[in-house]
């Protein structure tokens with residue numbers, strides 16, 4: 001079992017397998033996004049309170065979910081990298097950071113654009129918004145720390161510790177709307193709560209949320225392949241790949 | 001212990017330590033993390049009266065009085081109620097029965113507002129469903 005995992009996680013093996021599975025993530029992303037946008041913008045009805053403006057939810061909510069999920073994956077990969085010293089785990093953690101930062105930024109920007117007409121303010125310093133902004137800074141700090149070292153092993157060690165420390169922010173983001181008074185509304189969709197009382201609204205949201213997960217899978221595979229080629233540039237198999245491409 | 005087990009313990013200790021620090025940190029700053037005070041909090045003396053603070057609650061039905069940009073209304077948490085005076089543009093969602101968060105200060109038991117924000121809830125539904133729910137409640 002252990003040997004099998006190590007064989008799969010070897011950079012060369014990952015490089016070859018990932019090439020074949022990328023299309024299986026990319027095409028669902030495109031199909032689900034087109035269907036989700038159509039369902040969200042054309043099929044789903046207007047909201048009783050917010051009218052048409054609520055439709056930004058179909059980008060904002062999946063982006064916000066991804067901002068936390070990507071961080072969780074980054075921290076778990078960092079832990080695996082620290083404990084078992086698997087190269088691929090360090091690569092996954094490193095390439096996840098800019099993707100997670102992008103999702104966080106998207107959630108913050110769409111939230112601001114939504115907040116202005118609905119609440120009357122682009123930004124407020126309530127617990128939900130502030131903790132999400134801290135998440136963006138955690139991603140940026142991780143990227144800065146990782147890039148501060150020339151040796152990828154040292155870089156992975158230092159930035160992995162930071163990633164694991166930042167993990168404490170995830171429950172704060174999630175529970176911020178329950179623990180404290182906030183301007184941001186409470187949870188609409190949880191394990192035992194569905195406050196989206198229209199099946200078309202819910203369906204569009206779930207389509208977009210699934211699409212974003214396929215997007216992340218696609219991006220992480222593409223970026224990990226680049227990172228692996230760079231890190232293994234002195235090995236024979238990478239040279240063979242490069243020569244093969246030039247033929 | 002092997003080196004790997006050693007590292008496992010260190011990572012576990014790191015997670016535990018940070019969680020504990022986070023827990024105590026949040027407990028210490030709990031009061032500061034509240035974005036607004038309810039009218040009952042204000043009556044109980046929790047809000048910094050004399051300074052600017054935020055008051056949150058529902059706009060009382062039939063309490064809104066407008067004159068150009070000047071607005072008077074009452075905010076309640078169904079236990080205590082405060083009168084609010086505001087001059088400026090209100091957000092689109094502002095209406096009677098709506099949740100609002102108001103920045104300002106309390107002068108002679110009237111809240112003089114400098115900013116009014118609308119707070120909406122987590123429910124999403126088409127207007128027809130909302131109407132049906134309303135009729136069912138009446």
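What follows is calculated from the coordinates using simple rules that are stated; it is not laboratory data. From a predicted model like this one, the values you see are computed outputs, not experimental measurements. Please note: Cβ atoms are built from the backbone with ideal geometry, for glycine as well, and neighbour counts cover all protein chains shown.
What to note about this one:
- Fewest-first ranking of A:208, A:143, B:125, A:74, using other Cβ atoms within 10 Å as the exposure measure: A:143, B:125, A:208, A:74
- Counting neighbouring beta carbons within 10 Å and listing from fewest to most, the residues A:218, B:81 come out as B:81, A:218.
- Per-residue mean of C-beta atoms belonging to partner chains within 10 Å, peptide B:122-134: 6
- Equivalent-ellipsoid semi-axes for region A:119-179 (Cα gyration tensor, √(5λ), whole Å, largest first): 30, 13, 5.
- Averaging 1/r across all pairs of distinct Cα atoms in region A:22-243 and inverting the result yields a Kirkwood radius of 18.9 Å.
- At 1.002 mPa s and 20 °C, Stokes D of the protein assembly as shown from Kirkwood alpha-carbon radius, µm² per second: 90 µm²/s
- Mean residue ellipticity at 222 nm, helices only, chain A: -26000 deg cm²/dmol; runs of at least 4 DSSP H residues each add -39,500 (n - 2.57), and the sum is divided by the number of residues.
- Entry note, region B:36-136: relative contact order of 25 percent, from Cα contacts under 8 Å with a spacing of 6+ residues.
- Counting only other chain Cβ atoms within 10 Å of each residue's Cβ, the peptide A:168-174 averages 3.
- Value of relative contact order over region A:119-185, rounded to a whole percent, pairs C-alpha under 8 Å and six or more apart: 47 percent
- Estimated FRET transfer efficiency (residue A:10, residue A:144; beta-carbon r; R0 35 Å; 0.05): 0.75
- Per-residue packing, averaged as other Cβ atoms within 10 Å, sorts the ranges A:129-137, B:85-93 into the order A:129-137, B:85-93, beginning with the highest.
- Among B:72, B:32, B:80: highest mean-square fluctuation, GNM of chain B, C-alpha pairs under 10 Å: B:32
- Between residue A:243 and residue A:192, the simple label model (points 7 Å from Cα in the Cβ direction) yields a spacing of 6.3 nm.
- Estimated [θ] at 222 nm from DSSP helical runs (n ≥ 4, -39500 (n - 2.57)) normalised by residues in chain B, nearest 500: -10000 deg cm²/dmol
- Shown for A:140, A:69: other C-beta atoms within 10 Å of each C-beta, ranked fewest to most, produce the order A:140, A:69.
- Alpha-carbon spread of chain B, three principal axes, descending order, Å: 76, 45, 27
- Inverse of mean 1/r across different Cα pairs in region A:180-247, Kirkwood, Å: 16.3 Å
- Under the criterion of Cα pairs below 8 Å and six or more residues apart, the relative contact order for region A:22-243 equals 34 percent.
- Estimated FRET transfer efficiency when R0 is 30 angstrom, pair residue B:115-residue A:137 (beta carbons, to 0.05): 0.70
- Helix A:236-246 axis, angle to chain A major axis (alpha carbon atoms, nearest 10°): 70 degrees
- Average beta-carbon neighbours from other chains, 10 Å sphere, peptide B:112-118: 3
- Given R0 = 22 Å, the distance between the Cβ atoms of residue B:137 and residue A:43 translates into a calculated FRET efficiency of 0.20.
- Taking 7 Å steps out from each Cα toward its Cβ at residue B:13 and residue B:78 produces label points 5.1 nm apart.
- Highest-fluctuation residue, B:124, B:78, B:23 considered, GNM on chain B with Cα pairs under 10 Å: B:124
- Among A:113, A:95, A:70: highest mean-square fluctuation, GNM of chain A, C-alpha pairs under 10 Å: A:113
- Extent along principal axes [Cα atoms of region A:1-152; Å; largest to smallest]: 57, 35, 25
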